Amino acid sequence: MAEEKFRPVKRPRVPMPEQDPRERIGNFREVPFGYTPEMAVQEAERCLGCKTRECVAGCPVEVDIPGMVALIRQGKFIEAYRVVRQTNSLPAICGRVCPQEEQCEVRCLLGKKGEPLAIGRLERFVADYAMQQGLAAIERPACSNGRVAIVGSGPAGLTAAGDLVKLGYQVTIFEALHAPGGVLMYGIPEFRLPKAIVQAEVDLLLAMGVKLCLNVVVGRTITVDELVAEGYQAVFLGTGAGLPMFMDIPGETLNGVYSANEFLTRTNLMKAYLFPEHDTPIKVGRRVAVVGGGNVAMDAVRCAIRLGAEEGIIVYRRSEAEMPARKEEIHHAADEGVIFRTLTNPVRIVGDERGWVKGLECIRMELGEPDASGRRRPIPIPGSEFMMEVDTVVMALGTSPNPIIHQTTPGLEANRRGCIVADEETGLTTRPGVYAGGDAVTGAATVILAMGAGKRAAAAIHRQLQEG
């Protein structure tokens, strides 16, 4: 690209239009509207065209970001999309839920003196543009290199499948649920990630030759050993982390207490927000307390408000500065009227005579010295207990992997947290020919990190099968 092509235009970051908070709390439609072509070009023109390619180094799936941006500047949106698809099988998803501010954008030189380039918004734009124009189809490669089984159709599994099918493998995904997408489908709400977008990305992989088998619980319906016996030369485990955690405090078995997994699965995958058009209802009370401060907590409390709660309350034991949720999600929640009770920790859930939640007893906290996470340790303040009147409590405290796979696969080791033991660079587990990546290995993390693990494992599987 000639140097003058990258002469930056000095202007503020182009904001993304979004639904008014007063309107969006009454629907599940996507909050941000996305860039128009004119907005995308204007934002791309801010790029400095630096030679260091630091933004690429920050991307777990190694998208050629400068190449994408240069083509957007020229209005070559389909070409830009094809550049992204060379390394990223899920660009429309990444453009919406990847924490770009911690990955590629944090390395952007524009961010040294102002706001970094809106890389995620540009990626979303080109992916949406290609889909809207009907030009997102990818050529179907010849599949002659062997057979690979992918267990789980979340971000790690879909990425591994996309890379392997491009490399010429016959790829079959085995998914336990009745719909593909894993956490993309059951965990992330419609207003952040429309399910039609997830299905469209999956459909592209199927068009490339990936096979999909739903309602198959590997470890129960079929074992890893049986997959190998059926002729699969390698197996990738991308089963995620779907086992919810609780606080082990009194009252957690009361009616009206949910894990965030159940609450979000009912709302998203089972479409409780469309009941009775869909079969699954969900009971949401007048005042809903969500315990936790991550993205899942923000998703749950924002769903609760849309489902009819008069008040949605985040209860978090540290301060807002320590919240692990994306700043954008915290901002959106605050705009929608979410109440933040920080430096607050539950000690007991109180029920009525019928066994339903009526209150949440909490204790106030103060911050001490940093702990192993690098965040300041929350310390209870003696005698500061108080009662919050609530009728629904959602525990959004993190998740761990389901033990079915490692319990039914001889030679497959898991650590004390239940995570599959796998090499960080290759995904190879303690069982030869079996690879793993994503939340099944790390515990609950981000979509883009799971995708990066799927990509590395696909490359390692390819090397193993080619080298024999």
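Some observations on this one:
- Pairs meeting the criteria (first residue in region 342-364 and among the polar types (S, T, N, Q), second residue surrounded by fewer than 16 Cβ atoms within 10 Å (Cβ to Cβ), beta carbons under 7 Å, at least 6 apart or on different chains) are THR342/GLU320; ASN345/PRO380.
- Residue match in region 328-343 (condition: closer than 18 Å to GLU18 by Cβ and either at pLDDT below 95 or among the hydroxyl-bearing types (Ser, Thr, Tyr) (or both)): yes
- Among the residues making up region 225-271, those that are among the acidic types (Asp, Glu) and not in a loop (DSSP other than H, G, I, E, B) are ASP225, GLU226, GLU262.
- Considering residues of region 206-254 that are buried (at least 17 other Cβ atoms within 10 Å of the Cβ) and on the phi > 0 side of the Ramachandran plot only, the residue modelled with the lowest pLDDT: GLY209
- Meets criteria (in a loop (DSSP other than H, G, I, E, B) and farther than 30 Å from LYS271 by Cα) for ARG13: yes
- Leading residue by the ranking (farthest from LEU193 (Cα to Cα)) among those in region 63-74 that are in contact with a helix residue (DSSP H, G or I) (Cβ under 6 Å, 6 or more places away or on another chain) and in a loop (DSSP other than H, G, I, E, B): ASP64
- Considering the conditions (1) of a type outside the set (Phe, Trp, Tyr); (2) assigned to a strand (DSSP E or B); (3) over 17 Å from ARG287 (Cα atoms), ILE313 is excluded by exactly one of them, (3).
- Among the residues listed as GLY120, GLY187, GLY111, the single one being surrounded by fewer than 22 Cβ atoms within 10 Å (Cβ to Cβ) and either within 19 Å of the chain's Cα centre (by Cα) or without any contact (Cβ under 8 Å) to a residue 24 or more places away in the chain (or both): GLY111
- Summed over region 379-425, residues that are β-branched (Val, Ile, Thr) and part of a loop (DSSP other than H, G, I, E, B) total 4.
- Annotation note: of GLY49, GLY26, GLY95, the sole residue that is surrounded by 14 or more Cβ atoms within 10 Å (Cβ to Cβ), of a type outside the set (Phe, Trp, Tyr) and in a loop (DSSP other than H, G, I, E, B) is GLY49.
- Scan of region 99-158 for residues that are among the acidic types (Asp, Glu) and either in contact with a strand residue (DSSP E or B) (Cβ under 9 Å, 6 or more places away or on another chain) or assigned to a loop (DSSP other than H, G, I, E, B) (or both), ordered by number: GLU115, GLU139
- Selection within region 206-244 - touching a Lys or Arg at 6+ places or on another chain (Cβ under 9 Å) and closer than 23 Å to GLY418 by Cα: VAL224, ALA234, VAL235
The values are calculated or read from the model by the stated rules, or taken from the named source; none is laboratory data. Source: prediction; values computed, not measured. Note that each Cβ is placed from the backbone with ideal geometry, even for glycine, and that neighbours are counted across all protein chains shown.
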